[in-house]
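Below is one structure, written out as structure tokens; the observations come after it.
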Amino acid sequence: MAQRIDQNSFPIKLASASCNQTGGDWPRNLANICAAIDQAAADGADILGLEELGLTGYERGDDFFYSDNDLILQMLRIIARYAAAKAPDLVISVGHPWYFSDKHLPAQADRRKNPLFNRVNNCFDAQSFLAHGDIAAISAKRYLFNYERGYEKRHFEEWSEEAANSYENKYGKGRHGTIVIELPETALPDGTNMPEKTVPFGAPVIRIGAGDKTAQLTHIICEEYWIGSRFDGTGDNDDYGQDNPLAQKARYFDITVALNPNASPPAPEKIDKHRELCKLASRHCEVLVHTDGLGSSGSTFAQFGSRLMAQDGEIISEGKRASFLDMAYTSQIVTVRAPRNKGHAPHLSIPHQFKTDHSPAIQDGPAAWEYGERAEFEEEMRNELLWLFDYMRKNRIQGIAQALSGGADSGYNAAKLRLMIELAVAERGIDGFLDAMPHLTCADKIRAAFKTGGDAAAIDCAADEMLTCVYMGTDNSSEDTLRAAQTLVEGGTDENGDTFKGIGGKFENRNVQNLLEQYCQIYAGMDSLSLFAKNPVAYENVQARARQVLIMTFANTENKLAISNPNLDEGRNSYATWGGDLHGGMISGNAHKNKARQLEHMRLLYEYGLEGAAAPVKSLFWILKNKPSAELQPRGADGKVTQFDEDQLGRSFVQMDVISHFMLNDRPDNQHGRKNSPREVFEKCRSHPAFVSDDIATLHDRIRLSYEKWGHAQFKIHGSPIAATYGKNVDHQSSLRTPNISANHRPELAVLALYVLEELAKADGTSLETISGETLTALHGRALFDTGFAEALAAKMWTPDATDGLKMKIATLYAHLKTDGTALLSTGDAKKVTPQEQKAKA
């Protein structure tokens, strides 16, 4: 129990429950909420906090436009009556959409911008206090999450306390960001008619209890507790007391419990931010209760289900994250002071009898892995496995069909099926796993295996039934990748002769060389090597596309879901095949993870497994031993593979990730959140250890290649399968909404080229101005504004005979300039168009 010595202090029991909800699945969502109420009632909790939009599921997307106040009101009152029957004094916080508008606002400046007018008729992202069998008050979210992958302003209106304070209806004038609204009469399924009533709506503070034992409650919904922090665009926490909605509320009310319902998309180290924010917010109330949703309610990410409580700037309770249960619950007994009177009455007072004795608090976390040396790896793996678990069970998928190449991407995705089963069984048991997947036709086989061999035998049986892996080699494929693929599934021996167990599943070996030859014959009556000589890209892509058709045939006949294997680097660098490995499945298992990080995680899985849940995956041995190769080009005369990924890509996996981060994700505070220009990317990479061996010309070429590949990747990204998001995804649905058509930074890349050319010239004891006859300022202007200038520079970079994967070389351009710089930059290849001429044309 969190202790505080004060004559006006008394203990309360606070509970936080994360529910694994599904968008629009009312029976499931109500059942999970009621399970949380059952637990809180049995635990003797005074207050139960649930997550943001927990009634509907957070990730509904445009299905939020189906939101219906009548249905929501009915469900809220069903929950309230259920809770009152279980524990009459229990106060519950439930999240849901709620529609409100007043189209009869009096004439005023910007009348239609007023959120109470609600011009576009969106709902508010709301959180209700339920008590004594009905709705007590409703809060509306004041700050919406609308950056990174957030898209809340499309679906919700943003509440304004200032607008509420200026509003007046027949119930009076708004006060402290809160107005009074009517709730209509409601007929419940059991025949009960709930009468109409009024409730505070907006940013209410409610008081519970009586005499010297009272508590004042309010909501600070998700994004609201980030406001004013160092994560809110200012770099420090100095403005928190001034700008944060909770801190502002605390000026007028002594807040006992601030409930912080969340729907937090996952990202690396985000839990550290939540811990810091909880500590920060707790300095403006007696206790801060943070409750995150759990699992995937829609499709694009799984919430961790974090449950934190903080008091006096310290974390006093922490629930286990990434639970595979339908509802995860934590409670804590906290000593609080009765609120002081700051001269402002709460918006509502309701009776509550605080207990004098409490049963022990329920503390299920933090899990051991959360503060271990591999915490970052553990949390990412557990999050994506939870997403896979939810995606399969909520879509009633029988299993996975995997095009298993013997390489890292497909091997990683295949192993995840086994790991998902192990984590689910570790927490739910075999019966719980099958309860979560009642659609599995292999359920009886799994139960029979459990009876004879326990959990281990049941897990083996589940993996065997739910995973089909197909190796589809050609003449280009090696025995190394065949061995890696087969032993991953079936087990084998390592180079020292030590045996290891496979992940399980069915392994199929199908050679597709004949398919490749038939496509080439149908195309032009040629054999495949003739196609390779004519167009190597077409030759490689035919193989990928032929395999896609075959793996989908396995998926169809076995009623399984095929997995697409391109990793994040393939998405950012356009080396996945459209209609091939890009579309080799209906979902992607690793689109959120760059190749270097994936290989690191595979090594950790091989060495350690997942703490307390999954043994080391030793069958990854041969995959990790092999050098990554697509094996899509003919082998050498000695029969050995000659094609290796990093050699062809012109950058190492680590270098690709660093460049992509600075291109796409880095938004420094000292640039006011503006993304980096190509030159800024260059400077940041220049000081990064991944490029310590690069000269400036090579670094330029690597960066230019990344931009070119990113532009080419857009149409592939647009057509990519759905995947779990984890901070850096590039899909157009929910992560980066980048255009398919753009200049792709060509003018800015020309500026970068000029900057590097100037440095190369200085190294030769001259200058670009001397070589070209133009000042750098004039050249920069031409790079940005002259038609054809950037293209002219790029044309002279083309180096078709390069074998290092970098065919656009600044050194080639520099050699041209030294030979005939004036002709190249002043007259021949580019037409000068001054800014004044541009303006005149416009």
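Here are some notes:
Okay, residues lined up against (1) in the same structural domain as HIS347 (by the TED database); (2) at pLDDT 95 or above; (3) out of contact with any helix residue (DSSP H, G or I) (no Cβ under 7 Å at 6 or more places or on another chain):
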residue	(1), (2), (3)
ALA83	yes, yes, no
PHE100	yes, yes, yes
CYS123	yes, yes, no
GLN127	yes, yes, yes
ALA131	yes, yes, yes
ILE138	yes, yes, yes
GLU148	yes, no, yes
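- Test for ALA524: is it more than 27 Å from ASP638 (Cα to Cα), among the small types (Gly, Ala, Ser) and either under 31 Å from the mean Cα position of the chain (by Cα) or open to solvent by 10 Å² or more (accessible area, probe 1.4 Å) (or both): yes
- Leading residue by the ranking (nearest to GLN402 (Cα to Cα)) among those in the stretch 553-573 that are open to solvent by 10 Å² or more (accessible area, probe 1.4 Å) and of a type in the set (Ser, Thr, Tyr): THR553
- LEU246 falls short on exactly one of the conditions (1) touching a Cys at 6+ places or on another chain (Cβ under 7 Å); (2) at pLDDT below 95, and that condition is (2).
- Residue under evaluation TRP578, criteria (1) assigned to a loop (DSSP other than H, G, I, E, B); (2) within 27 Å of GLY636 (Cβ to Cβ); (3) at pLDDT below 90, criterion not met: (2)
- Yes/no for LYS716 being under 20 Å from ASP581 (Cβ atoms), of a type in the set (Lys, Arg) and open to solvent by 20 Å² or more (accessible area, probe 1.4 Å): yes
- Single residue of the stretch 56-89 satisfying the filter (in contact with a His (Cβ under 9 Å, 6 or more places away or on another chain) and part of a loop (DSSP other than H, G, I, E, B)) that is most open to solvent (accessible area, probe 1.4 Å): PRO88
- Considering the stretch 17-27, and only residues there that are of a type outside the set (A, V, I, L, M, F, W, C) and touching a helix residue (DSSP H, G or I) at 6+ places or on another chain (Cβ under 9 Å), the residue that is farthest from TYR329 (Cα to Cα) turns out to be GLY24.
- For the residues LEU130, LEU116, the requirement of being touching a Phe, Trp or Tyr at 6+ places or on another chain (Cβ under 7 Å) and open to solvent by less than 30 Å² (accessible area, probe 1.4 Å) singles out LEU116.
- Checking each residue of the stretch 374-384 against the condition of being closer than 29 Å to GLN39 by Cα, charged (D, E, K, R) and open to solvent by 60 Å² or more (accessible area, probe 1.4 Å) gives no match.
- Residues within the stretch 134-158 that are in a loop (DSSP other than H, G, I, E, B) and open to solvent by 10 Å² or more (accessible area, probe 1.4 Å), tallied: 10
- Given (1) open to solvent by 10 Å² or more (accessible area, probe 1.4 Å); (2) in a helix (DSSP H, G or I), number of the condition ILE421 does not satisfy: (1)
- Cβ-Cβ under 8 Å pairs, at least 6 apart or on other chains, the stretch 525-552 side over 27 Å from GLN402 (Cβ atoms), far side open to solvent by 60 Å² or more (accessible area, probe 1.4 Å): MET526/LYS534; ASP527/GLN521; LEU531/TYR523
- If only residues of the stretch 322-352 that are in contact with a helix residue (DSSP H, G or I) (Cβ under 6 Å, 6 or more places away or on another chain) and either outside the structural domain of LEU50 (by the TED database) or open to solvent by less than 20 Å² (accessible area, probe 1.4 Å) (or both) are counted, the one that is farthest from PHE301 (Cα to Cα) is SER331.
- Where ALA36 falls short, out of the listed (1) crowded, with 17+ Cβ neighbours inside 10 Å; (2) under 28 Å from the mean Cα position of the chain (by Cα); (3) not in a helix (DSSP H, G or I): (3)
- Test result for GLN486, open to solvent by 80 Å² or more (accessible area, probe 1.4 Å) and outside any loop (DSSP other than H, G, I, E, B): no
- For the stretch 531-566, a tally of residues being more than 16 Å from SER477 (Cβ to Cβ), of a type in the set (Gly, Ala, Ser), in a helix (DSSP H, G or I) and in contact with a helix residue (DSSP H, G or I) (Cβ under 7 Å, 6 or more places away or on another chain) returns 1.
- Among the residues examined, LYS355 qualifies as in contact with an Asp or Glu (Cβ under 9 Å, 6 or more places away or on another chain), open to solvent by 10 Å² or more (accessible area, probe 1.4 Å) and modelled with pLDDT under 95.
- Selection over the stretch 489-513 of residues that are closer than 22 Å to SER629 by Cβ, without any contact (Cβ under 8 Å) to a residue 60 or more places away in the chain, more than 36 Å from the chain's Cα centre (by Cα) and open to solvent by 30 Å² or more (accessible area, probe 1.4 Å) gives a count of 1.
Rundown of residues vs (1) open to solvent by 20 Å² or more (accessible area, probe 1.4 Å); (2) in a loop (DSSP other than H, G, I, E, B), yes/no style:
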| site | (1), (2) |
| --- | --- |
| ALA783 | no, no |
| THR787 | yes, yes |
| LEU806 | no, yes |
| ALA811 | yes, no |
| HIS816 | yes, no |
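- Qualifying residue in the stretch 504-522 (condition: at positive phi and modelled with pLDDT under 95): no
The values are calculated or read from the model by the stated rules, or taken from the named source; none is laboratory data. Computed from a prediction, not measured in an experiment: that's the story for all the values here. Every residue, glycine as well, gets a Cβ built from its backbone with ideal geometry; the counts of neighbours run over all protein chains shown. Calculation scope for accessible area: heavy atoms of the full protein, side chains included, ligands and nucleic acids excluded. Shrake-Rupley method; radii C 1.70, N 1.55, O 1.52, S 1.80 Å.
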